[in-house]
Amino acid sequence: MGQLTLVLGGVRSGKSRHAEALAARSPPVTYLATAQAGDDEMARRIAVHRQRRQRDNASWRTVEEPWEIAVALAAHGSAGCTLIECATLWLSNLLGGLPGRPPCSDEEILAEVDKLVVAVRDVAGRVIVVSNETGCGIMPANALARRFGDLLGETNQRLAEAADEVFWLFAGIPVRVKRERLCVRERSAAG
């Protein structure tokens, strides 16, 4: 039964670095990347992430999968740790569609989130999911942005509910906001 950790934060909050540090404690690590380079700036961001992983964690295996995260986790999940970076971009891919794939409905997206939760429980090791928290800003002015915010909020809630632990990052400082199931497991193991 897999252990789920959710790492939330805003843009440049330090969530990726924190998640990578957590993952490094549970080798071997599979890095499940969801990003697609739709423009030059995003391509540069992806390149920076790749370079940092290669420099700091050369033994990590990277699997790039923008769509079928639950399937990829089942196929490539590690007995050590699988780091999914990130749920926000995955949701963007589902919402906007990809070449050869139509956009998903809200119901289809949330069904994919539920599949991910089930897949996490079938992995032997730890699964860390990174996601943005977008609910602290103002109400977006357009319908697509509101839909995205609603879906990401629901995605984060479902992942947090299933998670064994949840971290929130502020300015690079992690704050643990949930650790319930880990405490129960630790007490059970202690006898």
Restricting attention to segment 90-106, the residues that are out of contact with any Lys or Arg (no Cβ under 8 Å at 6 or more places or on another chain) and farther than 21 Å from L73 by Cβ number exactly 7
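To keep it simple, each residue is scored yes or no on (1) touching a Cys at 6+ places or on another chain (Cβ under 7 Å); (2) at pLDDT below 95; (3) more than 23 Å from W168 (Cα to Cα).
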position: Q51; (1), (2), (3): no, yes, yes
position: R55; (1), (2), (3): no, yes, yes
position: W67; (1), (2), (3): no, yes, yes
position: A72; (1), (2), (3): no, no, yes
position: L98; (1), (2), (3): no, yes, yes
position: R121; (1), (2), (3): no, yes, no
position: V129; (1), (2), (3): no, no, no
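Taking the condition touching a residue at least 12 places away in the same chain (Cβ under 8 Å), surrounded by fewer than 19 Cβ atoms within 10 Å (Cβ to Cβ) and under 28 Å from E180 (Cβ atoms), does A87 pass?
It is false that A87 is touching a residue at least 12 places away in the same chain (Cβ under 8 Å), surrounded by fewer than 19 Cβ atoms within 10 Å (Cβ to Cβ) and under 28 Å from E180 (Cβ atoms).
Quick test for you: out of S105, S59, S78, S26, pick the one residue that is small (G, A, S) and closer than 23 Å to V177 by Cβ.
It is S26.
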Scan segment 119-143 residue by residue and report those that are exposed (fewer than 14 other Cβ atoms within 10 Å of the Cβ), touching a residue at least 12 places away in the same chain (Cβ under 8 Å) and assigned to a helix (DSSP H, G or I).
-> R121, D122
Please go through segment 51-71 and pick out each residue that is of a type outside the set (F, W, Y), in contact with a Ser or Thr (Cβ under 9 Å, 6 or more places away or on another chain) and surrounded by 14 or more Cβ atoms within 10 Å (Cβ to Cβ).
-> R53, T62, V63, E65, P66, I69
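Residue-wise test of (1) of a type in the set (F, W, Y); (2) modelled with pLDDT under 95; (3) under 17 Å from T5 (Cβ atoms).
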| position | (1), (2), (3) |
| --- | --- |
| C86 | no, yes, yes |
| V113 | no, no, yes |
| A141 | no, yes, no |
| A145 | no, yes, no |
| N156 | no, no, yes |
| E161 | no, no, yes |
| V175 | no, no, yes |
| C183 | no, yes, yes |
| G191 | no, yes, no |
Report whether or not T88 is within 19 Å of R12 (Cβ to Cβ), under 16 Å from the mean Cα position of the chain (by Cα) and not aromatic (F, W, Y).
-> yes
Test for A21: is it touching a helix residue (DSSP H, G or I) at 6+ places or on another chain (Cβ under 9 Å), small (G, A, S), surrounded by fewer than 19 Cβ atoms within 10 Å (Cβ to Cβ) and under 16 Å from V129 (Cβ atoms) | no
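The values are calculated or read from the model by the stated rules, or taken from the named source; none is laboratory data. Everything numeric here is computed off the predicted structure, so don't read it as measured data. With ideal geometry, Cβ positions are generated from the backbone for all residues, glycine too; neighbour counts draw on all protein chains shown.
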